[in-house]
Amino acid sequence: MNKQKYALIFTLFFICYYLQANTISKSRKTAITTAIERVGPSVASINVIQDLVTPFRADPWFNYFFPEMFYQKRKARSSGSGVVISPDGYVITNSHVVEKASEVFVSLKGGKEYPAEIIGIDHISDVALLKLDGKDFSYANLSNSDELIIGEWVIALGNPLGLFEINNQPTATVGIISAVDMNFGEMQGGQVYKNMIQTDAAINMGNSGGPLVNSQGNVIGINTFIYTGSSYSEGSIGIGFAIPINRAKRIVEELKNTGRVDRSYKTGLTVQPLTPRIALYMELDVSEGLIVVEIEKKSSADRSGIKNGDIITRVNGIMVNTTNEFRSIIEESDLRQGDKINLKLYRNGRYINKKLILGKAGR
């Protein structure tokens, strides 16, 4: 009888303990922890090996007169982050993570490492696409970055400072979306960063290429660079930027299909700067802009209703006076065939607005 009594008490105690522990565990779970659990297995640590040529000896006299004799190749390792986006092993990262690589290896949660093939690199958008050999990979869902809310919670996941290698799982930092549509134009390195997402989630060296995720566990951006508030390139002060995933998806699709991004385009317009002399001769009320002197038949310019003699005063809201300025607006916005530009025209004493779709070069 006593044994049955003790067994019953023990069973009840165990049930109560289990229920209490389970309740505590559930009470600590949030949308953030659930999102990290969901995306974590698809976050990649990207390890890059570069072949560098360095002086074999420190003697400057020998190095100067016999440069080829005293240089040797050595391998240098660096790391970044990425995210698997399909079950067949496609991985998005930043181009600056892998563009100088001689070999690339990708580690996933748990520590398993895979050699990666570089499918394509687009330096201008700073997006690269890798491919792992295999199938049934855990992969992240990609969201719609046109629907972001300033102030919503986000998580930055990746391999800052190589910490992934310590416990074979990504590091997570949490913040909010601080701003959207941040345009930086063409950077010193040649990249064009447009419509960038700003976040105060801590992003550090090694986070580049990793996913920025919303509270639903969907990727909204690719973490790319930070402001440090000083001349140093390291150290987060809560001002980080991510490429919106909608832009990355477009680049990735092109890289997957052709291995490169085709930025050739044509407008169908021939223009020349409007000089004060021409403005006086044409009796115009404007003296700055680009005058349309020829329109290619059946081109997008022809279809948009632009006419010879129209004066283009603004392109996408920016004043233009030279053909180089016109071209720079398109290039710095990373526009290409199929994209639209807004033109403000002066015609017959009044201003009108037209939309022009960039056409395919060679047609």
In region 201-226, anything open to solvent by 20 Å² or more (accessible area, probe 1.4 Å) and under 22 Å from Asn144 (Cβ atoms) is listed as Ser215, Gln216, Asn218
Reported set for region 75-102 where residues are touching a strand residue (DSSP E or B) at 6+ places or on another chain (Cβ under 7 Å) and more than 18 Å from Val219 (Cβ to Cβ) is Lys75, Ala76, Arg77, Ser78, Ser79, Val98, Glu99, Lys100, Ala101, Ser102
For region 266-292, pairs from a residue that is closer than 21 Å to Arg336 by Cβ to a residue that is part of a strand (DSSP E or B) and of a type in the set (D, E, K, R), with Cβ under 7 Å and 6 or more apart or across chains, are Thr270/Glu294
By residue number, the members of region 125-137 that are closer than 24 Å to Asn195 by Cβ and assigned to a strand (DSSP E or B) are Val127, Ala128, Leu129, Leu130
Note on Thr313: of the conditions (1) without any contact (Cβ under 8 Å) to a residue 40 or more places away in the chain; (2) touching a Lys or Arg at 6+ places or on another chain (Cβ under 8 Å); (3) under 30 Å from Ile85 (Cα atoms), unmet is (3)
With the first residue restricted to region 135-152 and required to be open to solvent by less than 40 Å² (accessible area, probe 1.4 Å), and the second required to be of a type outside the set (Lys, Arg) and assigned to a loop (DSSP other than H, G, I, E, B), Cβ contacts under 6 Å at 6 or more apart or on different chains are Phe137/Pro87; Phe137/Gly89
* Asked: Is there a residue being modelled with pLDDT of 95 or more, open to solvent by 10 Å² or more (accessible area, probe 1.4 Å) and more than 22 Å from Lys109 (Cβ to Cβ) anywhere in region 180-199?
  -> yes
Taking region 89-124 and keeping residues in a loop (DSSP other than H, G, I, E, B), within 30 Å of Leu335 (Cα to Cα) and either open to solvent by 50 Å² or more (accessible area, probe 1.4 Å) or modelled with pLDDT under 95 (or both) leaves Glu99, Lys100, Ala101, His123, Ile124
Of the residues in region 329-357 that are in contact (Cβ under 8 Å) with a residue 60 or more places away in the chain and small (Gly, Ala, Ser), the one that is surrounded by the most Cβ atoms within 10 Å (Cβ to Cβ) is Ser333
Restricting attention to region 160-211, the residues that are part of a strand (DSSP E or B) and either among the small types (Gly, Ala, Ser) or under 17 Å from Asp126 (Cα atoms) (or both) number exactly 14
Okay, strands (runs of 3 or more DSSP E) sitting entirely in region 252-363 with 3 or more residues that are farther than 29 Å from Asn94 by Cα, in contact with a Ser or Thr (Cβ under 9 Å, 6 or more places away or on another chain) and at pLDDT 90 or above, I get 269-273, 290-295, 340-347, 350-357
For region 291-306, the count of residues that are surrounded by 13 or more Cβ atoms within 10 Å (Cβ to Cβ) and farther than 12 Å from Leu356 by Cα equals 4
When region 159-179 is checked residue by residue, the ones that are open to solvent by 60 Å² or more (accessible area, probe 1.4 Å) and modelled with pLDDT under 95 are Leu161, Leu163, Glu165, Ile166, Asn167, Gln169
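The values are calculated or read from the model by the stated rules, or taken from the named source; none is laboratory data. Every value quoted in this text rests on a predicted model; they were computed, and no experiment measured them. Using ideal geometry, Cβ is built from the backbone for each residue, glycine included, and neighbour counts are taken over all protein chains shown. When the accessible area is computed, the model is the full protein with side chains, heavy atoms only, and any ligands, DNA or RNA have been set aside. Shrake-Rupley method; radii C 1.70, N 1.55, O 1.52, S 1.80 Å.
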